[in-house]
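Please read the structure below before turning to the comments.
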Amino acid sequence: MEEKPIYVENQYLGRDRGWVSVRLVLALFCFIAYYINIERESESQLFLLVGSAIIFVSIVMMYMLQYRITVEDNSLKLSGLWTTRLVKIDLNSIVKVERKPYSNFFINNPVYNLHQKGRIKFYAGGKDAIWLTDRDGLAYIIGTQRQVELQQAILKAKGK
């Protein structure tokens with residue numbers, strides 16, 4: 001019998017405010033260019049088509065799951081999109097759990113299992129993250145929308 005997870009959170013690819021605003025500005029530019037070039041029908045239709053495609057892709061991306069965070073007894077699992085591997089972090093090897101901002105930058109790219117400078121990053125959107133440090137000094141940076149709840153779930157699972 002499989003036990004019920006302590007915490008589950010889904011991170012979606014297209015819900016980061018920075019990238020949503022970039023896509024909306026591009027679509028707005030296309031719609032304005034369509035309105036300005038209305039008398040030249042063939043060129044203006046291309047702007048209308050591209051602007052509509054940007055809006056459609058943005059809507060699809062808002063429902064596209066990038067990764068799922070699952071906290072169970074003594075483990076944290078991160079499962080990603082179709083071809084990504086399941087990442088399982090043993091909470092017994094974690095020595096420090098911190099709540100920090102993910103990055104100082106305004107717009108960050110979504111990443112899954114990015115190894116960079118002794119850190120492993122998981123990020124879809126938002127400003128908050130949980131920083132886990134293991135015994136070897138390797139830091140796991142996990143972007144989350146519910147920072148306090150994830151930290152409490154990790155500490156609860158680690159304590160069991």
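The values are calculated or read from the model by the stated rules, or taken from the named source; none is laboratory data. Computed from a predicted structure; not experimentally measured. Note: ideal-geometry Cβ built from the backbone for every residue, glycine included; neighbour counts use all protein chains shown. Accessible surface is based on the protein model in full, side chains and every heavy atom, while ligands, DNA and RNA are left aside. Shrake-Rupley method; radii C 1.70, N 1.55, O 1.52, S 1.80 Å.
A single entry from Y67, Y35 fulfils the requirement of being aromatic (F, W, Y), farther than 17 Å from Y7 by Cα and either touching a residue at least 40 places away in the same chain (Cβ under 8 Å) or out of contact with any His (no Cβ under 7 Å at 6 or more places or on another chain) (or both): Y35.
In the stretch 41-100, the residue that is nearest to Q11 (Cα to Cα) out of those that are in a loop (DSSP other than H, G, I, E, B) and open to solvent by 70 Å² or more (accessible area, probe 1.4 Å) is Y63.
Scanning the stretch 122-138 for residues that are over 10 Å from S103 (Cα atoms), open to solvent by less than 10 Å² (accessible area, probe 1.4 Å) and of a type outside the set (F, W, Y) turns up A124, G125, I130, L132. The set of residues from the stretch 137-160 being farther than 11 Å from E72 by Cα and in a loop (DSSP other than H, G, I, E, B) comprises G137, L138, T144, Q145, R146. Inside the stretch 104-116, can you point out the residues that are modelled with pLDDT under 90 and either open to solvent by 30 Å² or more (accessible area, probe 1.4 Å) or not in a loop (DSSP other than H, G, I, E, B) (or both)? Residues satisfying the conditions are N104, F105, F106, I107, N109, P110, V111, Y112, N113, L114. The residue of the stretch 1-40 that is modelled with the lowest pLDDT, among those that are of a type in the set (F, W, Y) and either closer than 30 Å to L91 by Cα or open to solvent by less than 50 Å² (accessible area, probe 1.4 Å) (or both), is Y12. Of everything in the stretch 147-160 that is at pLDDT 90 or above and of a type in the set (D, E, K, R), the residue that is most open to solvent (accessible area, probe 1.4 Å) is K156.
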